[in-house]
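Trainee: Supplied in structure tokens, the structure appears directly below.
The values are calculated or read from the model by the stated rules, or taken from the named source; none is laboratory data. These figures come from a predicted structure and were not determined experimentally. For neighbour counting, all protein chains shown are included, and Cβ atoms are generated from backbone atoms with ideal geometry for every residue, glycine included.
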């Protein structure tokens with residue numbers, strides 16, 4: 001069974017970062033890139049300064065924006081998290097771009113994402129997120145309302 005609204009938190013010296021409903025868009029044959037999405041909340045002002053994944057050779061924070069009536073995607077150096085304010089990474093907005101995928105990603109697969117979070121003191125911590133691969137529409141391969149599955153998020157110094 002798959003959890004449709006999974007939440008876990010990682011706590012360290014300067015607060016807690018919560019990750020809710022992480023997922024990665026499934027790919028089709030020959031597709032070399034995809035996006036990862038989730039909701040992030042922090043108890044302290046921090047920045048997500050990097051994302052890593054063994055599923056792709058290049059992993060970047062991106063945002064979609066409209067410039068001269070043209071939608072563009074561009075990398076951003078960091079994603080600011082304000083205390084108590086949820087930042088949604090979603091299609092058409094901020095998201096994680098996985099480029100030069102190691103292999104195709106099918107609905108139901110799992111992808112490890114490591115968020116590198118930096119506090120005001122410049123100290124960094126990692127939040128490991130186990131994201132489900134979902135269909136193009138964002139639906140779970142086993143979408144059943146109310147189902148649950150254990151997920152792991154671990155904090156590393």
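Conditions (1) in contact with a helix residue (DSSP H, G or I) (Cβ under 9 Å, 6 or more places away or on another chain); (2) in a strand (DSSP E or B); (3) modelled with pLDDT of 95 or more, marked per residue:
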{"site": "105", "(1), (2), (3)": "no, no, yes"}
{"site": "111", "(1), (2), (3)": "no, yes, yes"}
{"site": "125", "(1), (2), (3)": "no, yes, no"}
{"site": "128", "(1), (2), (3)": "no, yes, no"}
{"site": "132", "(1), (2), (3)": "no, yes, yes"}
{"site": "150", "(1), (2), (3)": "no, no, no"}
{"site": "153", "(1), (2), (3)": "no, no, no"}
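Trainee: Just checking, which of 54, 91 is within 20 Å of residue 133 (Cα to Cα) and modelled with pLDDT under 95?
Mentor: 91
Trainee: Which condition number does residue 9 fail, the rest of (1) outside any loop (DSSP other than H, G, I, E, B); (2) modelled with pLDDT of 95 or more being met?
Mentor: (2)
Trainee: Right, next: Given (1) in contact with a strand residue (DSSP E or B) (Cβ under 9 Å, 6 or more places away or on another chain); (2) over 21 Å from residue 111 (Cα atoms); (3) surrounded by fewer than 17 Cβ atoms within 10 Å (Cβ to Cβ), identify the lone condition not met by residue 69.
Mentor: (1)
Trainee: How many residues, within region 26-79, are over 23 Å from residue 126 (Cβ atoms) and either touching a helix residue (DSSP H, G or I) at 6+ places or on another chain (Cβ under 7 Å) or not in a strand (DSSP E or B) (or both)?
Mentor: Residues that pass the stated criteria total 9.
Trainee: To continue, here is another question. Does residue 112 fit the bill of being surrounded by fewer than 20 Cβ atoms within 10 Å (Cβ to Cβ), under 19 Å from residue 128 (Cα atoms) and over 14 Å from the mean Cα position of the chain (by Cα)?
Mentor: no
Trainee: In region 113-123, how many are in a loop (DSSP other than H, G, I, E, B) and in contact with a strand residue (DSSP E or B) (Cβ under 9 Å, 6 or more places away or on another chain)?
Mentor: Summing the residues that are in a loop (DSSP other than H, G, I, E, B) and in contact with a strand residue (DSSP E or B) (Cβ under 9 Å, 6 or more places away or on another chain) in region 113-123 gives 3.
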